[in-house]
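Some notes on the structure that comes next.
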Amino acid sequence: MDHQHIPVPLPPDYHENALFLLVQSPRVLYVYWELSPGLKDLLEKKEKVQIRLNIEGRGPFYTTEFNMSQKSFYFSDVEPGLTYNCEIGIISHDNLFYPLLRSNSVSTPLDRPADGRTLAEAPPDNLPSSSSWGLPKDDK
């Protein structure tokens, strides 16, 4: 009997709690998550569930209602050059946020050179010369 290797498809869910934050650009962050069946059940019973983007050391930057049917979200217009994390949590009856799941921390890059000039104004000092690429020099 010929035993061919039949690939096993990846499961749609791993039934674990996970929250991952990624940098998409200096001004956009992407978060995706997976919730275990137990945490899904708990969140479905709560009136207010939120996802919150925090600036580390400063607190909440953006807060929105959490949509149980989604598995990801984009945060636009974030400030470049800062460190962020994300939390999913519940709002209590006395309007306090209780985080239940927290992401990794990410730092957004600056959207300009560190000296404050725009990319068009910055001199190309650190660009390699054409001769270092094995190209002929431009003798103008």
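The values are calculated or read from the model by the stated rules, or taken from the named source; none is laboratory data. Given the structure is predicted, the values throughout are model-derived calculations rather than measurements. Here the Cβ positions follow ideal geometry from the backbone for every residue, glycine too, while neighbour counts run over all protein chains shown.
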Residues in the range 61-80 that are more than 28 Å from Pro12 (Cα to Cα) and without any contact (Cβ under 8 Å) to a residue 12 or more places away in the chain total 0
Filtering the range 44-70 down to residues that are within 14 Å of Leu101 (Cα to Cα) and at pLDDT 95 or above yields Val49, Gln50, Ile51, Arg52, Leu53, Asn54
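Give the range 104-119 a look and list any residue that's at pLDDT 65 or above and in a loop (DSSP other than H, G, I, E, B), or say none. Walk me through it before giving the result.
Initial filter on the range 104-119 (at pLDDT 65 or above): 104-117.
Selection gives Asn104, Ser105, Thr108, Pro109, Leu110, Asp111, Arg112, Pro113, Ala114, Asp115, Gly116, Arg117.
Please tell me if Leu135 is farther than 23 Å from Asp13 by Cβ and either at pLDDT 90 or above or outside any strand (DSSP E or B) (or both).
Details: farther than 23 Å from Asp13 by Cβ: yes; either at pLDDT 90 or above or outside any strand (DSSP E or B) (or both): yes.
The answer is yes for Leu135.
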Can Asp13 be described as of a type in the set (D, E, K, R), surrounded by 10 or more Cβ atoms within 10 Å (Cβ to Cβ) and more than 22 Å from Asn95 (Cα to Cα)? yes
Matching residues in the range 62-97 (touching a strand residue (DSSP E or B) at 6+ places or on another chain (Cβ under 7 Å) and over 14 Å from Ser107 (Cα atoms)) number 17
Pairs where the first residue, in the range 91-110, is free of Cβ contacts under 8 Å to residues at least 12 places away in the same chain and the second is surrounded by 12 or more Cβ atoms within 10 Å (Cβ to Cβ) and of a type in the set (Ser, Thr, Tyr), C-beta under 7 Å, 6+ apart: Tyr98/Ser92
Consider the range 71-86. How many of its residues are surrounded by fewer than 17 Cβ atoms within 10 Å (Cβ to Cβ) and in a loop (DSSP other than H, G, I, E, B)? 6
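When you scan the range 89-103, how many residues do you find that are loosely packed, with under 12 Cβ neighbours inside 10 Å, on the phi < 0 side of the Ramachandran plot and part of a loop (DSSP other than H, G, I, E, B)?
First, the residues of the range 89-103 that are loosely packed, with under 12 Cβ neighbours inside 10 Å: 93-96, 98.
Checking the rest, the ones that are also on the phi < 0 side of the Ramachandran plot come to 93-94, 96, 98.
When the remaining residues are screened for being part of a loop (DSSP other than H, G, I, E, B), the result is 93-94, 96.
Final tally of qualifying residues: 3.
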Within the range 32-67, take every residue that is part of a strand (DSSP E or B) and of a type in the set (Ser, Thr, Tyr) and give me the one that is surrounded by the most Cβ atoms within 10 Å (Cβ to Cβ). Tyr62
